[in-house]
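Values in this text are rule-based calculations from the coordinates and carry no lab data. Fair warning: this is a prediction, and the values are worked out from it, not measured in the lab. As a convention, Cβ positions derive from the backbone with ideal geometry for all residues, glycine included, and neighbour counts pool all protein chains shown.
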Amino acid sequence: MSDSDDYIYDEATGEWISPAEAAAAAEAASAAGAVEVRDSAGNLLADGDRVTLIKDLTVKGAGQTLKRGTVIKSIRLTGDDQEIDCRFDGIKGLVLRAEFVRKL
């Protein structure tokens, strides 16, 4: 039996596909998984970027308001195209909507 006779079962489609087709499908899935997160001005955001708030935001559960112009350092992307994860003094697990920030 040669390598060209080997097939892989694709659980997503329920079909047997060749290894070349499986590699192409895996590459397409990883490209589709890459999410572009853009700030309020349309700038592309990446892990580690610094952003500033464009609006006063009340933080639920913290009893605190983040004022417009507050600088947030070292953001992390969450995989959602509208949310970013970040840290701020006294607030753990802060998640902000990308529409309320601007990249510095």
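At-a-glance table
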quantity	calculated
Placed amide H near R38: partners under 5 Å, 5+ positions off or other chain	L45
Nearest 10 degrees, 0 to 90: helix 19-33 Cα axis against the chain principal axis	10 degrees
Amide H partners (placed H, <5 Å) of R50, local residues excluded	S74, L104
P(r) weight above 23 Å for the chain, C-alpha pairs, percent	45 percent
In the stretch 4-103, the trypsin sites (Lys or Arg not before Pro) that fall in loop regions by DSSP, at most 14 other Cβ within 10 Å	R50, K55, K60, K67, R68, K73
